1. Along each of its three principal axes, how wide is the spread of alpha-carbon positions in region 62-106, in whole angstrom units, largest first?
2. Once phi is turned into θ = phi - 60°, what whole-Hz ³J(HN,Hα) does the Karplus curve with 6.51, -1.76 and 1.60 give for every residue of region 136-143, x standing for Gly and Pro?
3. Pop the C-beta distance of Asn128 and Ser88 into the FRET formula with R0 = 22 Å and round what comes out to the nearest 0.05.
4. Taking the Cα atoms of region 109-150 alone, what are Rg (to one decimal) and Dmax (as a whole number) in Å?
5. Using modelled amide H (1.01 Å from N, peptide plane; none on Pro or chain starts), what sits under 5 Å from the amide H of His104, excluding residues fewer than 5 places away?
Amino acid sequence: MTDKAQSPAPNRPKAADATTATIKLTGDGLPGIEVADLSTGEHKSPPAPAGEADTAGGTATGWYLEVVQGVQAGQRYPLGESVQLGRSPEVDVPLSDGKASRAHARLDRRGDVYRLTDLNSTNGTFVNAYRITRPVFLQAGDTIRIGDTHLQIFFS
């Protein structure tokens, strides 16, 4: 018998680098998505700098939403600690969209990332084309759709 050197195992992500995505059908038959880092349950994003000025929902963090499609295209909203989106003029990010609920969704800062929660809206909240069925953590560049309005989250 000859001794053969064992070839190294194929490159596999470490458990801390692994993510999982689960797509499920919601009650209305539309797909919903759950995405999590297996080690923390969160996505990693660039750290947010210290606040600079008051903005929608609190202090500026370097994060902002930009409407990329819809009647408010081009409008930007700097993000604070907690930001509510919807059709009501009383929310932090008011949307001129008849398909949006008055209080449709909420973004909450969790350390250096934002978590998006649908507030039991009638037409649902979508992230990167998937309807969310529970809170999800966002990464810079993710697209949120509420009704016919598409917003993108950015870090500057």
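What follows draws every value from the coordinates through simple rules; no lab data is involved. As the structure is a prediction and not an experimental result, all values here were calculated from the model. Here the Cβ is made from the backbone with ideal geometry for all residues, glycine too, and neighbour counts use every protein chain on show.
1. So the three principal-axis extents are 29, 21, 13 Å.
2. So the Karplus estimates, Gly and Pro as x, are 10, 8, 9, 10, 3, x, 5, 10 Hz.
3. Taking R0 as 22 Å, the efficiency between Asn128 and Ser88 is 0.30.
4. Cα only, region 109-150: 10.2, 30 Å (Rg, Dmax).
5. Amide H neighbours of His104: Leu85, Gly86, Arg87.
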